[in-house]
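Encoded as structure tokens, the structure appears first; notes follow it.
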Amino acid sequence: MGFLAVALTGSRLIAAAPQLKIYFAADFKDSAYQQAAYKKVAAAWKRPPTVPEPGGKTVVIAVIRKDGSAPGPTLHYKSGSDTWDAAALEAVKKAAPFDPLPKTYPRPTVEVHFHFEYD
């Protein structure tokens, strides 16, 4: 299954900055839903005092159910900073539940990858 990137990151040009990017399954086309999910996670994310090396990222995978619940998000890729990884996982946990999936979406769940990058 492919994934569709949602470009919702800041565009400031500085040496290294945190960014959050989200990737929904390619067949999930509801951009308003994607933006709402992004905003929930971004609002829940508390940047830790320690950061990974520039270029480091954490990937958290969540499976959102029809009712918006997302039990057990998992840490799929580590950044090299335990505090950064823990903060990323905690942000996705705190953001749940999400809005219910659109009634027009035919699947019972959608997989979402949250990338917490330090570039």
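Here is how the numbers come out for the structure above:
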item	result
Restricting the stretch 69-119 to residues that are touching a residue at least 60 places away in the same chain (Cβ under 8 Å) and among the acidic types (D, E), the residue that is farthest from G55 (Cα to Cα)	D99
Enumeration of residues in the stretch 63-119 that are crowded, with 17+ Cβ neighbours inside 10 Å and of a type in the set (D, E)	D85, E117
Residue check for T50: at pLDDT below 95 and not hydrophobic (A, V, I, L, M, F, W, C)	yes
Criterion violated by V92 - all others in (1) out of contact with any helix residue (DSSP H, G or I) (no Cβ under 7 Å at 6 or more places or on another chain); (2) closer than 24 Å to K29 by Cβ satisfied	(1)
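The values are calculated or read from the model by the stated rules, or taken from the named source; none is laboratory data. What you see is a predicted model; the values in this text were computed from it and never measured. Note: ideal-geometry Cβ built from the backbone for every residue, glycine included; neighbour counts use all protein chains shown.
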